[in-house]
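FYI, it's all coordinate maths here, none of it is from the lab. What you see is a predicted model, and the numbers here were worked out from it, not measured in a lab. Heads up, the Cβs are rebuilt from the backbone with ideal geometry, glycines too, and the neighbour counts pull from every protein chain shown.
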Amino acid sequence: MEYKFSNDVSTDTKDKKQKKKPKVYDQKPTPAFISASWSALFIGMISYCIGLWNADMMLNEKGYYFTILLFGLFSAVSVQKSVRDRLEGIPVTEIYYGISWFTTLASILLLIIGLWNADLELSEKGFYGMSFTLSLFAAIAVQKNTRDKKFIDDQGE
């Protein structure tokens, strides 16, 4: 009878440590989900911008909030792309991955700080927070759907 101790290395362990195969995403998003994602993105962005347009604040404040919206949208899409790339085994540098997360969190924090210090009604602050959140979520969903659809379409060629 052969006994194996915890410090013994067997051939079984070597085989298990082989690289994992990248996951294959072969589920094409439904037209309803694609439409809902795009609708949510436009509703969130347009509502946020209409709120800024009608707000009784100085132009530099409006520019601050508009820039945060654009910054947040780009950062959220960048996070989604880098996370997905990693799942599919596409190389993503640690610095890019970290910057993507940092900038997404920074945009959210900047919005919170701006709204905290703004001379706005609580309902207005909630409106900006919710339309910003809707826009970020929808941007991630649109990026995911676009990528999934392209991947599936490329497989069919």
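General remarks:
- Members of segment 52-87 found to be touching a residue at least 24 places away in the same chain (Cβ under 8 Å) and aliphatic (A, V, I, L, M), listed by number: Ala55, Met57, Ile68, Leu69, Leu73, Ala76, Val77, Val79, Leu87
- Members of segment 79-122 found to be within 30 Å of Asp56 (Cα to Cα) and crowded, with 16+ Cβ neighbours inside 10 Å, listed by number: Thr103, Thr104, Ser107, Ile108, Leu110, Leu111, Gly114, Leu115, Ala118, Leu120
- Test for Ile46: is it closer than 30 Å to Phe151 by Cα and either surrounded by fewer than 17 Cβ atoms within 10 Å (Cβ to Cβ) or free of Cβ contacts under 8 Å to residues at least 24 places away in the same chain (or both): yes
- Considering residues of segment 49-78 that are within 15 Å of Ser135 (Cα to Cα) and more than 21 Å from the chain's Cα centre (by Cα) only, the residue surrounded by the most Cβ atoms within 10 Å (Cβ to Cβ): Leu52
- When segment 123-157 is filtered for residues that are of a type in the set (A, V, I, L, M) and either more than 17 Å from Phe71 (Cα to Cα) or crowded, with 17+ Cβ neighbours inside 10 Å (or both), the ones remaining, listed by number, are Leu134, Leu136, Ala138, Ala139, Ile140, Ala141, Val142, Ile152.
- Within segment 25-43, restricting attention to residues that are surrounded by 15 or more Cβ atoms within 10 Å (Cβ to Cβ) and over 27 Å from Gly156 (Cα atoms), the residue that is nearest to the chain's Cα centre (by Cα) is Leu41.
- Selection within segment 86-102: residues that are among the small types (Gly, Ala, Ser) and part of a helix (DSSP H, G or I). The member of this set that is farthest from Leu136 (Cα to Cα) is Gly98.
- Residues of segment 103-123 that turn out to be part of a helix (DSSP H, G or I) and free of Cβ contacts under 8 Å to residues at least 40 places away in the same chain, as a count: 14
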